[in-house]
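The values are calculated or read from the model by the stated rules, or taken from the named source; none is laboratory data. The structure displayed is predicted, hence computed values, not measured ones. So basically every Cβ, Gly included, is an ideal-geometry build from the backbone, and we count neighbours across all protein chains shown. Areas reflect the complete protein model, heavy atoms only, side chains present, ligands, DNA and RNA absent. Shrake-Rupley method; radii C 1.70, N 1.55, O 1.52, S 1.80 Å.
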Amino acid sequence: IPPGYRVPDTAFFLSFINAIEAIPAEPIVLTGPPGRGKSTFLSKACELLQKKGIPLVRHHYYLSSTDRSHDRHTSFVVEESLLAQIQHFHPDVHVHDRALGSALAACAAHYKKRNKPFVLLLDGLDHVWRNQGQDKRPLDEIFNQVLPVFDNLVVVVGTQPVEDAQLPSRLLAGTP
């Protein structure tokens, strides 16, 4: 989070956190024009969620123009990133197989017993279409494993406003 960053509006920020804690049955989608601080806002939200003891995993499809990662867009890389986070940050969750959907369902069930939602945050969806040659299949492959939302899983999505053709089909069906 850049030094000096301030959440744009405290009331909105708190309502956003409250919406996550309410465990909605559909994804929460944060949209806004480029460069307006969506990702920074989501980072600040993650920071507060962690302070509150709310477990989460996060993938950002785009980090910066200086990022040297070879691939942050393919479904395999996203799955491996999220599975590694689950293994590292949530070692007490018993994951029976390496399928993302199964791992997320196990996390959601585990934390439900502790009266906490489990949050999956996927940010920068708008970068996939541009960086994958107008191919949204990597998004569809991930969202087909995530949606419909598992009980006690909160899916938070960050993206610029883009044409529907650029977004995962299941996201559009669940959150038009």
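Values for this structure:
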item: Any hit, the stretch 147-154, residues being surrounded by fewer than 19 Cβ atoms within 10 Å (Cβ to Cβ) and over 25 Å from residue 47 (Cβ atoms); result: yes
item: Test: residue in the stretch 103-111 that is in contact (Cβ under 8 Å) with a residue 40 or more places away in the chain, over 20 Å from residue 46 (Cβ atoms), out of contact with any Phe, Trp or Tyr (no Cβ under 9 Å at 6 or more places or on another chain) and in a helix (DSSP H, G or I); result: no
item: Conditions (1) among the small types (Gly, Ala, Ser); (2) part of a helix (DSSP H, G or I); (3) under 25 Å from residue 47 (Cα atoms); number of the one not met by residue 173; result: (3)
item: Matching residues in the stretch 12-38 - criterion: being open to solvent by less than 40 Å² (accessible area, probe 1.4 Å), within 22 Å of residue 127 (Cα to Cα) and outside any strand (DSSP E or B); result: 27, 32, 37, 38
item: Count - residues of the stretch 125-136 that are assigned to a helix (DSSP H, G or I) and in contact (Cβ under 8 Å) with a residue 12 or more places away in the chain; result: 6
item: Those residues of the stretch 119-151 which are in contact with a helix residue (DSSP H, G or I) (Cβ under 8 Å, 6 or more places away or on another chain) and among the small types (Gly, Ala, Ser), in sequence order; result: 124
item: Residue in the stretch 91-99 that is part of a loop (DSSP other than H, G, I, E, B), small (Gly, Ala, Ser) and at pLDDT below 90 present; result: no
item: Selected residue (only one of 149, 162 is touching a strand residue (DSSP E or B) at 6+ places or on another chain (Cβ under 7 Å), in contact (Cβ under 8 Å) with a residue 24 or more places away in the chain and either among the aliphatic types (A, V, I, L, M) or not in a helix (DSSP H, G or I) (or both)); result: 149
item: Residue within the stretch 5-28 that is at pLDDT below 90 and touching a Gly at 6+ places or on another chain (Cβ under 6 Å) present; result: no
